[in-house]
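Undergrad: Can you read through this structure? Questions will come right after.
Nothing in this text is a laboratory measurement; each read-out follows from the coordinates by a stated rule. Keep in mind it's a predicted model, so treat the numbers as computed, not measured. Neighbour counts run over all protein chains shown; Cβ positions are idealised from the backbone, glycine included.
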Amino acid sequence: MALLKSDTKNEPASPRGGKVKIDVGDGQLIPDRADGSILSAWNIAFFGALSLLVILPVVKPDPYLRIIRFIPDGVLVTFQVTVTSILFSVVIGLFTGLGRISRIAFINRLATVYVEVIRGIPLLVQLFYIYFALGGFLQLPPMASAITAMSICYGAYMGEISEPDSSPSREDNLRLPWPSVSAVDKLFAR
């Protein structure tokens, strides 16, 4: 892609010499705040799902009312698995990140291999493997299998954050997961 230069200070040039308006939008299906239309795709989907959630237990209560009664239990189990997995993931990610910045080659390589292998396997595959293969072998209950799989998976993602920087100024710099102000300035500099 060729860069076009403009005579004006802040506006890009078009190939024909006029001004170009670059519209960076969210897409056609995401509603615009200025639109104010009640018939956007998001409103239709949200209110359609909400109305089905209310109408189906009234019209056919046999399966749907029982399903709705299970929702609070499911939310509680989801919350327990999520919070416990996050706590274990932080610990695993901390040790993995420290291993990745370690100057001991064996620890560094071991942590790097862990991150690269685990991040290369989808979470659903890890859940199935730990529940069906290791769960049957180690007699793990379903909740412990889910917590173990999610902790291992997200611990590898957290360990990826602390990767050594290749900056020549200091040998022990860490790359942070958010851009610095100078990086953003360089990005938009002309």
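Undergrad: Could you order the peptides 52-61, 87-96 from most to least packed, using the average number of other C-beta atoms within 10 Å per residue? Display every interim value, and only then the final one.
TA: Working: 52-61: 11.8, 87-96: 17.4.
Ranked from most to least packed, the peptides come out as 87-96, 52-61.
Undergrad: While we're on this one: Please work out the FRET efficiency for the pair VAL91 and ALA49, using the Cβ-Cβ distance as r and a Förster radius of 45 Å; give the result to the nearest 0.05. Please report the intermediate quantities before stating the final value.
TA: On the way: r = 38 Å, r/R0 = 0.83.
So the FRET efficiency works out to roughly 0.75.
Undergrad: Compute the distance in nm between two label points, each set 7 Å from the Cα along the Cα-to-Cβ direction, one at ASN108 and one at VAL77.
TA: Distance between the two pseudo-spin positions: 4.5 nm.
Undergrad: Assuming R0 = 41 Å, what is the FRET efficiency of LEU98 and PHE128, from their Cβ-Cβ distance, to the nearest 0.05? Show your work: numbers first, answer last.
TA: On the way: r = 30 Å, r/R0 = 0.73.
FRET efficiency, LEU98 to PHE128: 0.85.
Undergrad: Taking the beta-carbon count within 10 Å as an exposure proxy, list SER151, SER102 from fewest neighbours to most. Present the calculation step by step, with values, prior to reporting the outcome.
TA: Values: SER151 21, SER102 15.
Lowest count first: SER102, SER151.
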